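Worksheet: one structure, shown below.
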Amino acid sequence: MMLRRFFAWLRRDLRATISLAFLLALGLLAVCAPLIAPYPVTAQDVDNTLASPSAAHLLGTDDLGRDVFSRMVHGGAATLYASGLAVGIALLLGLPVGLLAGTLGGWVDDAISRFIDALLSFPSIVLAIAVTGALGIGLTNGMIAVGIVFSPQLARLVRARALVVRQELYVDAARCFGASTARILWRHVLPNTVQPVIVQVTLLLAAALLAEASLSFLGLGIQPPSPSWGSMLARAYQNMELAPEQMYAPGLAILCTALAFNTLGESLRIALDPTTKR
Amino acid sequence: MIAAARWRVIRRRLLQALPVLVLATFVVFSLLKLMPGDIAITLAGENATEERIHEIRELYGLNRPFLVQYGNWLAHAMQGDLSKSLANGEAVATSIARAFPNTLLIVVLAMAVALGLGVPLGMLAASRPDGLRDRLVTSIASLGIAVPNFWLAMLLVAWLALNFGWFPATGAVALKDDPLRALHHAILPALALAAGGVAEVSRQLRSSLVEILSSPQVRTLRAKGLSAGVILWKHGLKNAGVNLLTVATLLFNRMLAATVVVEAVFAIPGMGNLIVNAALTRDLPVVQGVVFVMVLVVISINLAADLLYTVLDPRIS
């Protein structure tokens, strides 16, 4: 039943289908990276640096003579892993906090809401940079920082949803039957937050991707010799006058992936919104 | 009577901003606690002598309770004393005073571009929903939101600065030294920064205009024989104004963040440059100082917007 509705939705929404297909292909590419990439990420062809695309090197080589296509494939894996990690942490922090604030209400809600407001007044990347600076640079620390910074957005969303559900008649009924707060949270409030959370998570994946790219571009994220699309852009930037074409592949990859996540998220929002007319 | 009510609203807004300010500054201070290991040893740097470590402990009051440390830090910070850089010993407030105008110029210019392009594009899209122009604007907006600012910045440098030489590729000039050259340097960074803003403004304005234009109130106006243009300008834009203010406020926050990466591309000695270098060398007082000033700016802007709402829309209280 669920599956049939899902396919019916895909048939109706061409943009969502294309985005989803693109992301699935990318995921596959990332999982099979060692099989697909023709060279290891650190293999150098020292006589052949900053080469143009050829049969041996599909996207040319970088300034150290490393195959750009192989690094794109491995970099994609790192980028996707990093985005998933950041959003996972945001979920882990934001979901329970939002649920608690929305369900318990009262002073707990007041305190948590003020804290969310405070965190949301930080420019996101700036706070992520600061947290990375404190935790120490590196991809995992960087993404923990991004996850922390994104968590209030999820918490606020879940809180708002929980506040609405708490007022519902069937929750009152459950309470009359003696259901505990924990049971109400688990059986009634949580399921009701799933749909908006799915939408928000999809959109956050795009934001996390851009954040990873930014941090790695600045040198605060992934550390050499491992590649991510952001750090590849940093290298391309250093060689901009010699080989400006080096910046096209990673930049386009980031753009297309972020676009796919955003498009999918917007389509999901419309599809899951019960007030939309069909 | 009305004035008294408005004053009450303003006072309440100010009071609401206070806990946010306290919590936000608390987060800034707590960054220190995120550092693994003994903070004093990390702050003192590698190969520090025992005396230097002791000195750092005294300087930061690290042997006192956390809340006391925070109170102390906040009291100093509010008076403009943001401690000294561990790297070069310069007062953090001095570095920020030097860097902030460069950042502000780019952000303000980018804001002007975002509104200057986004508002007409949004109106164009809303004038005939689902028409060709609407779809074109909506597609461009999706691209604008997904494009990494710093990549766009690199493309602009490669094409317009290195290839054609129309703009300087790097650096900044202070506005007070030479306004024209300062603007010339700031145009490319501002454009790179504005892409997402143009997209956001046009998208939000389009959706709120479409909603307003399909309301019964506007249908009545149309029935009375008002032209589409008059309706769009006088009634649509006026009602979308409050919404636009919300978007602009959020945008300012986001641009303040994005400028950090864009500044790196153009090697602009602004706030971004300051915090990135500090984060790379774990110069925490500088990191804290930059975040502190930025969050103060954001909270002030939010507060100003809140107060503006009460002027724009008397129903809000």
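No lab work stands behind these numbers, since they all come straight from the coordinates. Remember, it's a predicted structure, so these values are computed and weren't measured experimentally. Every residue, glycine as well, gets a Cβ built from its backbone with ideal geometry; the counts of neighbours run over all protein chains shown.
Worth pointing out:
- Axis angle, to the nearest 10 degrees, between helix A:190-218 and the longest C-alpha principal axis of chain A: 30 degrees.
- Residue-by-residue Karplus 3J(HN,Hα) for the stretch A:40-49, coefficients 6.51, -1.76, 1.60, Hz, glycine and proline x: x, 4, 9, 5, 10, 10, 5, 8, 9, 8
- 222 nm mean residue ellipticity, helices alone, for chain B (DSSP H n ≥ 4; -39,500 (n - 2.57); rounded to 500): -25500 deg cm²/dmol
- The smallest convex shape that holds all Cα atoms of the stretch B:224-305, its convex hull, gives 101 Å³ per residue.
- With the simple model of a label 7 Å out from the Cα in the direction of the Cβ, B:Arg8 to A:Ala25 spans 6.2 nm.
- For the stretch A:110-153, the spread of Cα positions along each principal axis, largest first, Å: 35, 14, 14
- Based on Cα atoms of chain B, Rg over Rh with Rh as the Kirkwood radius reads 1.06.
- Directionally averaged shadow of the stretch A:209-278, computed from the convex hull of its alpha-carbon atoms, nm²: 6.1
- Size of charge dipole - the stretch A:1-76 - debye, nearest 20, with Cβ of Lys, Arg +1 and Asp, Glu -1, no other charges: 860
- Ordered by the count of other Cβ atoms within 10 Å of each Cβ, fewest first, B:Trp7, A:Trp9 give B:Trp7, A:Trp9.
- Both radii are taken from the alpha-carbon atoms of the stretch A:1-150; with Rh as the Kirkwood radius, Rg/Rh is 1.13.
- Here the Kirkwood formula, the inverse mean of 1/r across different C-alpha pairs, assigns the stretch B:79-155 a hydrodynamic radius of 16.0 Å.
- The charge dipole of the protein assembly as shown, taken about the Cα centre with unit charges on the Cβ atoms of Lys, Arg (+1) and Asp, Glu (-1), comes to about 3040 debye, rounded to the nearest 20.
- Potential lengthening of the chain between A:Tyr81 and A:Trp186 amounts to 34.9 nm, from the contour at 0.36 nm per residue minus the alpha-carbon distance.
- Two-site label geometry, B:Ala174 and B:Gln16: point separation in nm, points 7 Å out along Cα→Cβ: 3.9
- D (Stokes-Einstein, µm²/s), Kirkwood Cα radius, chain A, 1.567 mPa s at 4 °C: 62
- Kyte-Doolittle at least 0.0, axis length at least 15 Å by Cα - qualifying DSSP helices, chain B: B:2-34, B:66-78, B:92-127, B:132-146, B:179-213, B:237-266, B:284-312
- Separation of the stretch A:177-232 from the stretch A:26-54 is 29 Å, based on Cα centroids.
- Cα-based helix-to-principal-axis angle, A:68-104 vs chain A, degrees rounded to 10: 20
- Cα gyration tensor shape of the stretch A:5-75, rounded if a/c is under 1.5, else prolate or oblate by comparing a/b with b/c: prolate
- Dipole orientation for the stretch B:71-202: of the candidates B:Met154, B:Ser127, B:Val92, B:Ser127 has the Cα lying most toward the positive pole (charges on Cβ; Lys, Arg +1; Asp, Glu -1).
- For chain A, a simple Cβ point-charge model (Lys and Arg +1, Asp and Glu -1, everything else neutral) yields a dipole of about 1440 debye relative to the Cα centre.
- Across the stretch A:116-183, C-alpha contacts under 8 Å between residues 6 or more apart give a mean separation that, scaled by the residue count, equals a relative contact order of 30 percent.
- The residues A:Cys256, A:Cys176, when put in order of fewest to most other Cβ atoms within 10 Å, stand as A:Cys176, A:Cys256.
- The angle between the Cα long axis of helix A:106-120 and the longest principal axis of the Cα atoms of chain A comes to about 20 degrees, rounded to the nearest 10.
- With each label modelled as a point 7 angstrom along the Cα→C-beta vector, the B:Arg135-A:Tyr248 pair spans 2.8 nm.
- Counted by neighbouring Cβ atoms within 10 Å, the residues A:Ser231, B:Ser142 run from fewest to most as B:Ser142, A:Ser231.
- Ignoring the sites themselves, chain B has its longest run without GluC sites (Glu not before Pro) in a DSSP loop having at most 15 other Cβ atoms within 10 Å at B:91-317.
- From the Kirkwood radius over Cα pairs of the stretch B:1-113, Stokes-Einstein at 37 °C and 0.692 mPa s returns a whole-number translational diffusion coefficient of 189 µm²/s.
- Ordering of B:110-121, A:136-147 by burial proxy (mean other Cβ atoms within 10 Å per residue, highest first): A:136-147, B:110-121
- The residues packed around A:Leu95, meaning those with a beta-carbon under 14 Å from its beta-carbon, carry a net charge of +3 if Lys and Arg are +1 and Asp and Glu are -1.
- Its Cα gyration tensor gives the protein assembly as shown an equivalent ellipsoid. The semi-axes, each the square root of 5 times an eigenvalue, are 37, 33, 28 Å from largest down.
- Between A:Asn48, A:Ser83, B:Ile41, the Cα set farthest toward the positive side of the dipole of the protein assembly as shown (charges on each charged residue's Cβ, about the Cα centre) is that of A:Ser83.
- Over the stretch B:91-134 - Rg/Rh using Cα atoms and the Kirkwood inverse-distance radius: 1.40
- Average beta carbon contacts from partner chains per residue of B:287-296, 10 Å cutoff: 4
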